[in-house]
Amino acid sequence: MKNIEKIDTRDFEQRIEYKFRNKTLLETALTHSSYCRDNSIPMERCNERMEFLGDAFLDAIVGEEMYKRLPEKPEGILTKRRAAAVCGDALVVVGEEIGIGKYMRLGLGEKKNGGRSKHSIVGDATEALIGAIYLDGGYDEAKRFVLREFGELIDEAAHGELGRDYKSEIQVKLQAGGKCPEIKYVEAGESGPDHDKTFRMELYCNGVVIGSGIGKNKKQAEQEAARDALERGLKHVL
């Protein structure tokens, strides 16, 4: 077994507004399986088990919020809105906001291939962090972290704004009455390294640009372009 890499997490603890009593729990949450494989460390010392635990408590905390905030909504709506607030994209948003990738222990291959910014690694580590906070400080501390860091996403999801299919919405509006038969998304550019590209897409209606958006993949950028068009209003088109 090789020497285990030490992580200085003092500024990270300040950012997440939680100081661990048991630092080993935090170190485990920040340890990717590739690091264990590279260093012949038992796999139970990576963050996969904590990810499982964090996923369960994230669901419970957000589910409770939806239940309290939406007393008139049926089970199906509560399920959909909770799912929007705890999905992979939401985890990545929070993980990037707290800068969790910077502190990850990764295998050499993952380091070289931009693992610190990979969405799967960032999202999984964010779930593991929730599990670690629960194990160290209990349910109330985990809940405090989730409501603070996921608060804006929870608000959007509760109002039905998160996870909307803007492309479908704009298509229905534009094609009503056959006024805009030609709807097309066109790539307008990309930037960033291969492992962390950002795409820009433009939405055309009958050859005229009516919206634009950026995203980490073309599908996300198309959704943002559709949302941009909806937010601008369509009086100049319809």
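In whole Hz and in residue order, list the ³J(HN,Hα) couplings for the range 98-104 that follow from phi through the Karplus curve 6.51 cos²θ - 1.76 cosθ + 1.60, θ = phi - 60°; x for Gly and Pro.
8, x, 5, x, 4, 9, 5
Can you compute the equivalent ellipsoid semi-axes for the range 107-170, i.e. the square root of 5 times each eigenvalue of the Cα gyration tensor, sorted largest first and rounded to whole Å? Before the final figure, lay out each step's value.
Numbers: eigenvalues 142, 108, 8 Å².
Here the semi-axes work out to 27, 23, 7 Å.
Looking only at the chain, where both bridge partners belong to it, what percent of the DSSP beta bridges are antiparallel (to the nearest 5)? Present the calculation step by step, with values, prior to reporting the outcome.
Details: 15 of 16 bridges.
If I count the DSSP bridges inside the chain, around 95 percent turn out antiparallel.
How are the alpha carbon pair distances in the range 50-125 distributed across 10 Å bins from zero to the largest one, expressed in percent?
That works out to 18, 40, 26, 12, 4, 0, in percent per bin.
Could you do me a favour and compute the accessible area per residue for the range 125-201, 1.4 Å probe, result in Å²? Walk me through the numbers on the way to the answer.
Details: 3910 Å² over 77 residues.
Accessible area per residue, the range 125-201: 51 Å².
Ignoring any ligand, DNA or RNA, what whole percent of the accessible area of the range 82-238 comes from carbon and sulfur when the probe is 1.4 angstrom? Don't skip to the answer; put the middle values down first.
Numbers: 3730 of 7820 Å².
Result for the range 82-238: 48 percent of the exposed heavy-atom area is carbon or sulfur.
Using a cut-off of 10 Å between beta-carbons, work out the net charge of the residues near ASN47 (Lys and Arg +1, Asp and Glu -1, ASN47 not included). Each step should come with its number before you reach the end.
Values: positive: ARG45, ARG49, ARG105; negative: GLU27, GLU48, GLU51, ASP124, GLU127.
Residues near ASN47 contribute -2 overall.
Diagonalise the Cα gyration tensor of the chain and give the resulting equivalent ellipsoid semi-axes, square root of 5 times each eigenvalue, largest first, whole Å. Working shown, then result.
Values: eigenvalues 294, 111, 31 Å².
Working from the Cα gyration tensor, I get semi-axes of 38, 24, 12 Å.
So what are the ³J(HN,Hα) numbers for the range 23-39, from phi and the Karplus equation (6.51, -1.76, 1.60; θ = phi - 60°), rounded to whole Hz, Gly and Pro as x?
Once θ is set to phi - 60°, the couplings for the range 23-39 become 5, 4, 5, 5, 4, 5, 4, 9, 9, 7, 4, 5, 5, 5, 4, 5, 10 Hz.
Tell me, what ³J(HN,Hα) does each residue in the range 72-81 have, in order and in whole Hz, if you take phi through Karplus 6.51 cos²θ - 1.76 cosθ + 1.60 with θ = phi - 60° and put x for Gly and Pro?
Along the range 72-81, the couplings run 9, 8, x, 4, x, 5, 4, 4, 5, 6 Hz.
Which percent of Cα-Cα pairs in the range 10-140 sits in each 5 Å bin, short to long?
With a bin width of 5 Å, the distribution comes to 2, 11, 19, 21, 19, 13, 7, 5, 2, 1, 0.
Taking K and R as +1 and D and E as -1, what net charge do the other residues with C-beta under 14 Å from the C-beta of ARG15 add up to?
Values: positive: ARG10, LYS19, LYS102, ARG148; negative: ASP8, ASP11, GLU13, GLU17, GLU96, GLU97, GLU149.
Charge balance near ARG15 sits at -3.
So if each residue of separation counts as 0.36 nm, and I subtract the Cα-Cα distance between GLU187 and LYS80, what length gain in nm does that give? Before the final figure, lay out the partial values.
On the way: separation 107, 0.36 × 107 = 38.52 nm, distance 3.05 nm.
Additional length available on full extension: 35.5 nm.
Could you order the peptides 9-20, 133-144 from most to least packed, using the average number of other C-beta atoms within 10 Å per residue?
Details: 9-20: 14.3, 133-144: 17.6.
Final packing ranking: 133-144, 9-20.
Return the Rg/Rh ratio of the range 156-238 with Cα-based radii and a Kirkwood Rh. Walk me through the numbers before you get to the answer.
Values: Rg = 13.4 Å, Rh = 13.2 Å.
Ratio of gyration radius to Kirkwood radius: 1.01.
Rounded, prolate or oblate: pick one for the range 42-81, where a ≥ b ≥ c are the square roots of the eigenvalues of its C-alpha gyration tensor, a/c under 1.5 means rounded, and failing that, prolate if a/b is larger than b/c, else oblate.
Details: a/c = 6.77, a/b = 3.66, b/c = 1.85.
The shape class here is prolate.
First select every other residue whose beta carbon is under 10 angstrom from the beta carbon of ALA128; then total the charges, Lys and Arg +1, Asp and Glu -1.
Numbers: positive: ARG49; negative: GLU48, GLU51, ASP55, ASP124, GLU127.
With Lys, Arg at +1 and Asp, Glu at -1, the net is -4.
The values are calculated or read from the model by the stated rules, or taken from the named source; none is laboratory data. Since this is a predicted model, take the numbers as computed values, not measurements. Because the Cβ atoms are built from the backbone with ideal geometry, glycine has one as well, and the counts that use them run over all protein chains shown. In case anyone asks, the SASA skips ligands and DNA or RNA and just uses the protein heavy atoms, side chains included. Shrake-Rupley method; radii C 1.70, N 1.55, O 1.52, S 1.80 Å.
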